[in-house]
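FYI, it's all coordinate maths here, none of it is from the lab. Predicted model, so just to flag it, every value in this text is computed and none were measured. Using ideal geometry, Cβ is built from the backbone for each residue, glycine included, and neighbour counts are taken over all protein chains shown.
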Number of protein chains: 2
Amino acid sequence: MLRSAQRLADIAPFHVVELLTRARQLESEGRDIIHMEVGEPDFATPAPIVNAAVDALNRGKTLYTQALGLPELRQAISDFYRQRYGVAVPAARIAVTNGASGALNLAFACLADPGNEWLLADPGYPCNRHILRTYEGRPVAIPVGAQSNFQPTPAQVASAWNENTAGLLVASPANPTGTLLTLPEITALADVCRARAGHFLVDEIYHGLTYETDAPTACAAGDDIWVINSFSKYFQMTGWRLGWMVIPEAFVRDVEKLAQNLVLCPSTPAQYAALAAFQPETIAILEERRAEFRRRRDFLAPALEGIGLAVVARPEGAFYLYCDCSAVAADSFALARELLEEAGVAATPGLDFGTNAPEKYIRFAYTTGVDRLAEAVERLRRHFGR
Amino acid sequence: MLRSAQRLADIAPFHVVELLTRARQLESEGRDIIHMEVGEPDFATPAPIVNAAVDALNRGKTLYTQALGLPELRQAISDFYRQRYGVAVPAARIAVTNGASGALNLAFACLADPGNEWLLADPGYPCNRHILRTYEGRPVAIPVGAQSNFQPTPAQVASAWNENTAGLLVASPANPTGTLLTLPEITALADVCRARAGHFLVDEIYHGLTYETDAPTACAAGDDIWVINSFSKYFQMTGWRLGWMVIPEAFVRDVEKLAQNLVLCPSTPAQYAALAAFQPETIAILEERRAEFRRRRDFLAPALEGIGLAVVARPEGAFYLYCDCSAVAADSFALARELLEEAGVAATPGLDFGTNAPEKYIRFAYTTGVDRLAEAVERLRRHFGR
């Protein structure tokens with residue numbers, strides 16, 4: 001008789017979790033599984049960050065902070081924008097959040113009116129549309145493909161916009177494809193939104209993990225853009241659940257009200273830890289690891305191509321390769337199960353990223369060392385008989 | 001032109017934050033302010049909990065956990081229900097969350113359909129109705145007063161229920177009053193909800209901080225009741241942002257889907273810390289502190305009564321005294337400003353807890369030592385000329 005809210009019918013679980021559960025079962029039976037499904041760096045948090053947390057804990061820093069975060073951390077993030085990007089972002093516009101997830105929750109809680117439509121790329125990170133749906137906004141998919149480097153174009157956005165459209169969310173680097181937007185591309189998308197009095201949100205959580213050029217921040221394209229970032233990926237603080245958001249000034253007060261009521265404050269130990277994230281010794285560690293990700297990508301992309309898994313998107317950032325598997329399998333979901341069971345390789349089927357021909361695509365994460373990636377490629381080669 | 005979602009018009013900031021900002025300003029000018037406005041224990045997290053976090057960090061435990069939390073922590077919470085309450089709550093029904101705030105967010109995201117009404121006590125913790133409103137549910141206030149110990153009665157709930165009502169949320173111990181519900185009272189409220197096919201949620205975040213009798217858990221009144229708890233108050237882990245929720249079995253899968261999409265997982269360091277929360281050496285520390293809270297209450301309640309601030313609710317738990325100030329002031333909000341400016345005592349006006357005669361009431365928290373409470377009482381006595 002009792003039932004969940006209607007929105008639950010539109011919120012999908014991660015299909016990869018089912019595969020992960022099966023992978024753990026196989027491992028408990030003694031099978032060796034190579035994990036290329038996980039969207040998480042395989043490095044523990046760098047020691048200077050951990051040490052800063054331990055130091056803060058030993059000083060009794062366990063009480064609530066301000067709802068938008070420690071003033072000194074908001075200032076450190078502001079300084080980071082100046083130093084790394086040469087962009088002025090005042091600390092007053094920065095909210096520290098429970099990961100990028102927490103940032104997107106606050107953004108859509110602040111902006112999404114019931115029934116209003118928001119444009120999102122498909123394929124894209126599935127949680128984004130589910131978070132939006134939770135606040136009763138309606139996600140509208142813009143199908144993207146290789147012809148636009150898996151990013152929405154201004155023409156697509158303009159064409160998809162109607163009188164119910166409230167805004168646009170893009171990601172650079174994108175997940176699952178790792179593709180970037182240039183600053184002129186970001187500006188062009190922002191202009192489309194501005195001309196329609198719409199909101200523009202840019203997910204930059206993979207910033208820092210780029211291998212050709214540094215990704216430009218949307219903060220450089222206007223102070224009316226919402227920018228979401230995270231300490232999870234480049235700073236390798238996944239489990240700490242800490243991120244941030246740059247908010248257009250007119251909305252800071254409303255986001256603060258929501259943060260006071262919905263979360264109270266972000267994790268205090270995580271915030272003290274993150275104060276060490278921007279120090280030179282930490283950055284040195286992170287840049288070494290970034291070079292390691294690049295080595296992995298440069299090994300894996302041609303190796304997958306060589307066995308019939310075409311890397312369809314230019315993988316300039318993040319730690320994913322999005323492959324067209326239609327030359328070797330009719331359905332990527334069935335393929336993902338088959339590779340797990342028969343080859344001991346776990347990957348994420350397109351189904352987790354939307355409804356735009358998901359059966360053709362499968363995502364491989366290079367979040368494991370080159371030796372294991374080489375073993376995975378060898379297993380795939382044998383499996384496909386190539 | 002760009003504006004926030006309509007819900008923001010219904011979400012109030014904390015009025016006490018304005019007072020707190022002014023208090024900090026006065027302190028920066030050298031004034032001594034006694035803080036009785038803060039809903040946070042003044043103790044740092046107990047050493048065994050902190051040490052468990054440090055140990056986990058040194059072992060590299062910084063990656064994501066399962067969305068509903070570490071299995072061993074869910075089991076430890078299940079064991080705690082058996083040991084402390086004699087109630088069987090399977091670990092599979094327990095979700096670890098980003099504080100009680102995170103639990104309530106997941107509960108209402110799971111249950112609140114747009115426009116449906118939910119019954120909440122007024123006065124009550126203001127975030128609860130704002131979280132509900134964020135998920136487009138409509139909070140409906142049940143005015144409660146001294147005649148029912150500031151708790152809703154089954155008759156009130158039955159009378160307020162209509163065809164749009166989806167459920168009831170109560171708190172025991174309550175905030176701002178510290179009053180408890182007995183197990184028969186909880187059962188009677190549950191029966192009213194059951195008879196109407198409604199949801200019943202019980203906020204137990206102040207459990208453990210009771211001074212006459214232990215509060216009964218609503219888990220003992222049926223496995224169809226949602227129970228929210230926290231590591232913040234009794235376990236004194238406020239800044240870690242960790243709590244939990246006991247979920248009726250039929251809804252566990254939907255809450256897990258939401259947790260996967262909205263939060264990914266609760267803080268990993270906090271979860272490892274909390275594994276030490278139930279150990280005997282930790283409980284011994286917590287019970288000493290509980291005795292200290294009792295000493296404070298037993299000092300403060302008669303002292304406030306003696307200067308014309310009538311303690312209107314039987315303060316059996318939490319760390320608040322809710323006082324009727326109408327004998328000394330016409331408006332509690334003006335009184336709170338006046339006490340801060342002129343007496344150097346910060347307290348929370350009734351306005352933060354609802355619209356049920358808030359001008360008559362003011363909340364004093366005993367989250368500071370007896371020496372400071374005595375100084376506060378002396379200042380108030382001088383202020384009122386008593």
Practice item. Place the label 7 angstrom along Cα→C-beta at B:ASP113 and in each other copy, then list the distances from the first to the rest in nm, shortest first. Key: 2.3
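I need the Kirkwood Rh of the stretch A:47-277: take the reciprocal of the average 1/r across all distinct C-alpha pairs and report it in angstrom.
Roughly 17.8 Å, rounded to one decimal.
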**Study point:** Residues with amide H under 5 Å from that of B:ALA171, placed H, sequence gap 5 or more
**Key:** B:ASP203
Check your understanding: Which distances, shortest first and in nm, link B:THR213 to the matching position in the other copies, using label points set 7 Å out along Cα to C-beta?
Key -> 7.2
Review point. In a solvent-free Debye calculation with one equal scatterer on each Cα, what is log10 I(q)/I(0) for chain B at q = 0.07 Å⁻¹, listed in the order of the q values?
Key: -0.31
**Study point:** Karplus (6.51, -1.76, 1.60) ³J(HN,Hα), θ = phi - 60°, over the stretch A:53-60, in Hz, Gly and Pro reported as x
**Key:** 5, 4, 4, 5, 4, 5, 8, x
Study note, to complete from the structure: Ranking A:GLY344, B:ALA291, A:MET1 by how far each Cα lies towards the positive end of the charge dipole of the protein assembly as shown (+1 on Lys and Arg Cβ, -1 on Asp and Glu Cβ), the top one is B:ALA291
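How high is the FRET efficiency between A:ASP55 and B:ARG59 when r is their beta carbon distance and R₀ equals 22 Å, given to the nearest 0.05? Mind showing how you got there, number by number?
Working: r = 17 Å, r/R0 = 0.79.
Plugging the Cβ-Cβ distance into 1/(1 + (r/R0)^6) gives 0.80.
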**Study point:** Contact order normalised by residue count of the stretch A:47-277, Cα under 8 Å, 6+ apart, percent
**Key:** 29 percent
Study note, to complete from the structure: Excluding residues fewer than 8 positions from B:LYS233 in its own chain, the lysines with Cα under 24 Å of it are A:LYS61, A:LYS257
Review point. From the backbone phi of the stretch A:355-364, what are the Karplus-calculated ³J(HN,Hα) couplings (6.51 cos²θ - 1.76 cosθ + 1.60, θ = phi - 60°) in whole Hz, Gly and Pro given as x?
Key: 10, 8, 6, x, 5, 8, 10, 9, 9, 10
Check your understanding: Tell me, how many Å apart are the Cα centres for the stretch B:292-338 and for the stretch B:1-37?
Key -> 22 Å
Check your understanding: Hey, rough spin-label estimate for B:GLN75 and B:GLU342, points 7 angstrom out along Cα→Cβ, what's it come to in nanometres?
Key -> 6.1 nm
**Study point:** the stretch A:1-148 - Debye-derived log10 I(q)/I(0), Cα point model, q = 0.09, 0.15, 0.17 Å⁻¹
**Key:** -0.51, -1.19, -1.25
Point to revise | nm² value of the averaged projected area, convex hull over the Cα atoms of the stretch A:244-386 | key: 12.2 nm²
Revision key, fill the gap. By the Kirkwood definition, with r running over pairs of different Cα atoms, the stretch A:228-289 has a hydrodynamic radius in Å of 13.1 Å
Exercise for review: State, to one decimal in nm², a quarter of the convex hull surface area for the C-alpha atoms of the stretch B:130-222, i.e. the direction-averaged projected area.
Suggested key: 6.3 nm²
Exercise for review: At most 12 other Cβ atoms within 10 Å and a DSSP loop assignment: could you name the GluC sites (Glu not before Pro) in the stretch B:75-170 that fit?
Suggested key: B:GLU163
Exercise for review: List the relative contact order of chain B as a percent without decimals, with contacts defined as Cα pairs under 8 Å and 6+ residues apart.
Suggested key: 24 percent
**Study point:** Compactness of the protein assembly as shown - radius of gyration and Dmax, Cα, Å
**Key:** 26.5, 93
Point to revise | Geometric extent, Cα atoms of the stretch A:78-145 - Rg, Dmax (angstrom) | key: 14.7, 41
Review point. What list of ³J(HN,Hα) values in whole Hz, one per residue of the stretch B:232-245 in order, does the Karplus curve 6.51 cos²θ - 1.76 cosθ + 1.60 (θ = phi - 60°) give from phi, with Gly and Pro shown as x?
Key: 6, 8, 4, 7, 6, 10, 3, x, 6, 6, 9, x, 8, 9
Study note, to complete from the structure: Here Rg/Rh (Cα, Kirkwood) for the stretch A:274-332 equals 1.19
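How shielded is B:98-105 by partner chains, expressed as the average number of their Cβ atoms within 10 Å of its Cβ atoms?
Details: counts 10, 6, 1, 6, 5, 0, 1, 5.
The per-residue average across the peptide is 4.
In Å, what Kirkwood hydrodynamic radius results for the stretch B:197-239 from the alpha-carbon pair distances?
11.5 Å
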**Study point:** Calculated label separations, A:GLY60, copies of the chain, 7 Å along the beta-carbon direction, nm
**Key:** 3.5
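To the nearest 0.05, how large is the calculated FRET efficiency for A:ASP214 and B:GLU375 if R₀ is 45 Å and r is the Cβ-Cβ distance?
0.20
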Revision key, fill the gap. Each label sits 7 Å from Cα toward the beta-carbon; between A:ARG3 and B:GLU249 the label points are separated, in nm, by 2.1 nm
Practice item. Give, to the nearest whole percent, the P(r) tail of the stretch A:123-175 beyond 12 angstrom, counting all Cα pairs. Key: 68 percent
Revision key, fill the gap. Here, B:THR182 and B:GLU288, labelled 7 Å along Cα→Cβ, have an inter-label distance in nm of 3.5 nm
